[in-house]
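A short write-up of the structure that comes next.
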Amino acid sequence: MAFRFPVKQSLAVILASMALLQAAPALAANVYGEQLEGFQYPHPLQHFNFSSQQQPLSMGYMDVKPTQQANGQTVVLLHGKNFCGATWDDTITALSQKGYRVIAPDQIGFCSSSKPANYQYSFQQLALNTHQLLQQLGIDKAVIVGHSTGGMLATRYALMYPQQTQKLVLVNPIGLEDWKAKGAPWRSVDQWYQRELKLSAAGIKKYEQTTYYSGQWKPEYDKWVDMLAGLNSGPGHKKVAWNSALIYDMIFTQPVYYEFKDLKVPTTLMIGTADTTAIGSDIAPPAIKAQLGHYNVLGKQVAKMIPGARLIEFPGLGHAPQMEEPKKFNQMLMSDLARPLSSATSR
């Protein structure tokens, strides 16, 4: 049986279909494996295999040697929740050109690393995993640089291993406030899981554009949306979402805020002042939401809490200054790392 549509209606359907096809590349993601198989890392990806919590795990990492004369120092770059070691690409290049060895791991539950069905996530556990990786690589002391959630992890690492931390650099770390104590609503792991199952490229881009980049967008950000969306829509979809839910619960319920005062290593805060990231703000009442995520204020407050901390601000930049303005960020980072440690602890 043949079905016939009025010419105008069929033409409208064709035009609408063409519009969807044209829009698809900007929002559709490639599909990547459970450990981000298929995604191209900027440097060779290696894996650290170890046992934790009665199960074998694999931790992906990049170990990038200096491209210029080695200065004998190592920098460890810790990624954020919606980021991977690969998102440090520009900074890895800048550091290696200055003679640094660079280690950029993917934490368990993220990106190229294992997604265990059951894991007791804590920043202490992730810090221990990272410490074991560095021991395996023969690294006794390093500069620890943490971005976003990686900033919370870097803080915990420096508290646990001060002798192995040459310097601590926190790049728009989350956890500069205790969202729960300020009234942000708690979500159960099951609620986080349902939320994570619904992630899409369009949703990821909208969130990052609004929260990270002050409403702005650059074409070079698209590959990072594709990276996350492709991982979330791949064969590991449910395991990725489950681990993400467990990690969000860790972030929300394990603040490092109250221990900034206990840091005993030279510390620098690098803050994009337009950042508004705050876990739980999306479901917080308007009056509560209005109090959360003001990095232009939080950076200054926490710099005063950390003994001898140095604050570097990037006015108008958002949550990821190392990706938003990599040249400016890397210049400031190199300058900070070149400072004698004795003066790095003075304001």
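Computed quantities for the displayed model
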quantity	calculated
Residues of the stretch 115-146 classified as among the aliphatic types (A, V, I, L, M) and assigned to a helix (DSSP H, G or I), total	5
Evaluation of Tyr161 against (1) over 16 Å from the mean Cα position of the chain (by Cα); (2) open to solvent by less than 40 Å² (accessible area, probe 1.4 Å); (3) closer than 24 Å to Phe314 by Cβ (one fails), failing number	(3)
Considering residues of the stretch 224-244 that are among the polar types (S, T, N, Q) and modelled with pLDDT under 95 only, the residue farthest from Lys182 (Cα to Cα)	Ser233
Test: residue in the stretch 282-302 that is within 17 Å of Leu176 (Cα to Cα), touching a Gly at 6+ places or on another chain (Cβ under 6 Å) and surrounded by fewer than 21 Cβ atoms within 10 Å (Cβ to Cβ)	yes
Some residue of the stretch 245-267 being over 16 Å from Asp178 (Cα atoms) and either of a type in the set (Asp, Glu) or in a strand (DSSP E or B) (or both)	yes
Subset tally (residues that are under 30 Å from Asn118 (Cβ atoms) and in a strand (DSSP E or B)) for the stretch 51-74	11
Number of the exception - Leu45 against (1) within 30 Å of Pro340 (Cα to Cα); (2) under 20 Å from the mean Cα position of the chain (by Cα)	(1)
Residue in the stretch 173-182 that is in contact (Cβ under 8 Å) with a residue 12 or more places away in the chain, within 24 Å of Met270 (Cα to Cα), assigned to a loop (DSSP other than H, G, I, E, B) and aromatic (Phe, Trp, Tyr) present	yes
Filtered residue count, the stretch 190-223, keeping only those that are among the hydrophobic types (A, V, I, L, M, F, W, C), assigned to a helix (DSSP H, G or I) and open to solvent by 30 Å² or more (accessible area, probe 1.4 Å)	2
Answer residue from the stretch 304-324, given it is open to solvent by less than 50 Å² (accessible area, probe 1.4 Å) and more than 21 Å from the chain's Cα centre (by Cα) and is farthest from Pro173 (Cα to Cα) among those	Gly308
Pairs where the first residue, in the stretch 287-315, is more than 26 Å from Pro266 (Cβ to Cβ) and the second is open to solvent by less than 10 Å² (accessible area, probe 1.4 Å) and not hydrophobic (A, V, I, L, M, F, W, C), C-beta under 6 Å, 6+ apart	Gly293/Thr277
Sole residue being at pLDDT 95 or above, among the small types (Gly, Ala, Ser) and within 19 Å of Gly80 (Cα to Cα), chosen from Gly146, Gly183	Gly146
All positions within the stretch 164-186 that are within 12 Å of Tyr248 (Cβ to Cβ) and either acidic (Asp, Glu) or surrounded by fewer than 19 Cβ atoms within 10 Å (Cβ to Cβ) (or both)	Trp186
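The values are calculated or read from the model by the stated rules, or taken from the named source; none is laboratory data. The shown structure was predicted, so the numbers you read here are calculated from the model rather than taken from an experiment. Cβ: placed from backbone, ideal geometry, glycine included. Neighbour counts: every protein chain shown. We work out accessible area using only protein heavy atoms, side chains counted, and drop any ligands, DNA or RNA first. Shrake-Rupley method; radii C 1.70, N 1.55, O 1.52, S 1.80 Å.
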